[in-house]
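Handing you a structure now.
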Amino acid sequence: MHSDFIFTVNNCAPDPNARMMLPYRSPSVSTPVMQTMSPELSPPASEPSPTDSSGSGSSSSSKRYVEPVKPTAIHLQTVFSSQTGEAHPSQQHSSQVWESHKEEIRRLYLDENRPLKEVMAIMRQKGFRATVRMYKSRFDKWGFSKNNSKKDVIAMLQVQRQRNAVGKRTTFRRNGKEVAIDAYLKRKGISQYDLVEPGMAEKLPENLRCLTPPPESPKALHAPGNLSLQELILQCARDLAWNWYCPPDTPLVACAAHYRGDEVRCAITDITNADWLFSVGHYERGGAMCEQGFHSLHMIFKKPSIYGLLHLFITVLDASNKGIVKEIWRYLAAYAATVRIDSPLGRLFQAIWKYLSTHDYEEYWDFIFECTEKLLIIEEQHTGLPSDTLPRLYPILFIPRAYQYRSEPYRRLQSRCDFKRLVKGPMPTAVEELTVFQATELLILGNQTLWQGERVFELANTVLENTKGIAYNTEFFVYIAITSLAHYHRNQYLLSEDPVAKATNHQLSVHYLEQIVSVMEGKWDPDMGYLLGELERLEHWYRDAGDIEQADAAHARWKNALEAIPKDFVRGHKGILH
């Protein structure tokens, strides 16, 4: 049967009639007939056969001698390919050949989602043969992938977070099909926050596309439950915290110092000043201030930050005018709906407005306070926040205001600050950043100890000394240091039973307050509106000590300071550490 396959290899066979050893086959399996040589390499049938070297007998003369022919790689490849259906490993297609079949392979493998073996079989029928390894190697180069890799998921999550933070919803598609990131995370038993580190988004692979999906149904906002609204607040905090306001290696409290120059901070401060002006009966000036604040409040969407979100929360919690609070949420919700800002932040503001519209004001206030307090005590590692998020927020809780209408709840939030966490982060070295750090420690320590202890006194004097080495924007640090000294001596005055010590500490306390209020008398600075509150405090301290003349004088100065506020107020630009 196999006499047709007689040939020798390398002209070295001792017996010219030796037969090729075929691959072993089970006796029950027939061996296909294989062509080993092309017709042009086969000896012509008419060519006379040379005589046997032994020269024996007529039987030998009847035998035909086949000229030994060395099989080439092409011949052997044909043998093996016909049996396995795959290319021989020695066959290598050029890049041009692969590229000519790329679209066909893409359609079969990705668009039609066929298994690789089926794709290979179809391509063999079209005359293209390659091994599994060759296909997979080429798929890696082309980015043909049906499954999520860790690298791809990290890149998608980074892109998603950056888009979420600026108000864009995100979905991803691979080869025309939506990518199920959650399925990957569930299968691996991890959360997205276990994968993504701070930094810029990785470039997406060619086979992944980032899209903005259609708006979700607003049904969830019709009657949001407390739990879902709390989760939405946490989601916004996470997204904003991962959208770094400053580089991650910035000293912890320095970012809050940069926030002082932010347009969102200016807008919220103007609304805070307006709320106070309304409370003291200056409606015209309060209205101008309020108009300026709302003019820029939409910047919370365009330049979102976790600092702005927390600042907004503590502002509405301590506001006197309920109408302003309602207008803040109504305005932000309407802006998000009108401009179609379909982001967690936009959905949050719409949900809060809906909650406020359907609940009693005090019930709403309790709910927002509870959410804000929980945000300050949660553990970052269990909620997906970047490490050291909370210490970075501490200075926001101490932004001064002209008057605190709910001082006890406000102090309760401030008591949640843990100074020990500040010293765990990178320590500042520049004098400006060091001063911010020490001023933050002074505020935390003073508010939590009611300004008692020598550490308060030492820190206040240290901050004052540091400001001498700073060439610009020192007013706020000076204010913190001097008011701390005023409160320190006021506490000594209240505790002392010695008349001489009591009188001395009273004189020192009002002396420091006088230094502070003299800074703003005769002029108006919206970022220092809280100094008007210090004039009220000065009047109260004088009156409490029985110095009625000085108290009346302080009250007159307070009224004059109010008159210095322009009725047609227009905010200028002023920042700190910029």
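I'm trying to understand the selection: among the residues of region 235-258, which are part of a helix (DSSP H, G or I) and surrounded by fewer than 20 Cβ atoms within 10 Å (Cβ to Cβ)?
Answer for region 235-258, where residues must be part of a helix (DSSP H, G or I) and surrounded by fewer than 20 Cβ atoms within 10 Å (Cβ to Cβ): Gln235, His258.
Do you know which residues across region 338-354 are surrounded by fewer than 16 Cβ atoms within 10 Å (Cβ to Cβ) and either at pLDDT 95 or above or not in a loop (DSSP other than H, G, I, E, B) (or both)?
Passing the criteria: only Thr338.
Determine whether region 124-132 contains at least one residue that is in contact with a helix residue (DSSP H, G or I) (Cβ under 6 Å, 6 or more places away or on another chain), β-branched (Val, Ile, Thr) and modelled with pLDDT of 80 or more.
No: zero hits.
For region 520-528, state whether one or more residues are within 20 Å of Ala460 (Cβ to Cβ), without any contact (Cβ under 8 Å) to a residue 24 or more places away in the chain and out of contact with any helix residue (DSSP H, G or I) (no Cβ under 6 Å at 6 or more places or on another chain).
no
Please find, among Glu373, Glu441, Glu433, the residue that is modelled with pLDDT under 85 and either surrounded by 15 or more Cβ atoms within 10 Å (Cβ to Cβ) or within 33 Å of the chain's Cα centre (by Cα) (or both).
Glu433
Residue check: is Ile328 within 27 Å of Val570 (Cβ to Cβ), in contact with a Ser or Thr (Cβ under 9 Å, 6 or more places away or on another chain), assigned to a helix (DSSP H, G or I) and open to solvent by less than 20 Å² (accessible area, probe 1.4 Å)?
yes
Give region 403-424 a look and list any residue that's in contact (Cβ under 8 Å) with a residue 40 or more places away in the chain, of a type in the set (Phe, Trp, Tyr) and open to solvent by less than 80 Å² (accessible area, probe 1.4 Å), or say none.
Tyr405, Tyr410
Having 1 or more residues that are within 21 Å of Thr269 (Cβ to Cβ), among the small types (Gly, Ala, Ser) and touching a Lys or Arg at 6+ places or on another chain (Cβ under 8 Å) is the bar; report the helices (runs of 4 or more DSSP H) wholly within region 466-551 that clear it.
It comes to 530-544.
Select from region 125-155 the residues that are open to solvent by less than 70 Å² (accessible area, probe 1.4 Å) and over 30 Å from Trp242 (Cα atoms) and list them in ascending order.
Gly127, Phe128, Ala130, Thr131, Val132, Met134, Tyr135, Ser137, Arg138, Phe139, Trp142, Phe144, listed by residue number.
Okay, next question. Within region 492-512, can you find the residues that are touching a Leu at 6+ places or on another chain (Cβ under 7 Å) and open to solvent by less than 20 Å² (accessible area, probe 1.4 Å)?
Val510
The values are calculated or read from the model by the stated rules, or taken from the named source; none is laboratory data. Computed from a predicted structure; not experimentally measured. A quick note on method: Cβ atoms are made from the backbone with ideal geometry, for glycine too, and the neighbour counts reach across all protein chains shown. Areas reflect the complete protein model, heavy atoms only, side chains present, ligands, DNA and RNA absent. Shrake-Rupley method; radii C 1.70, N 1.55, O 1.52, S 1.80 Å.
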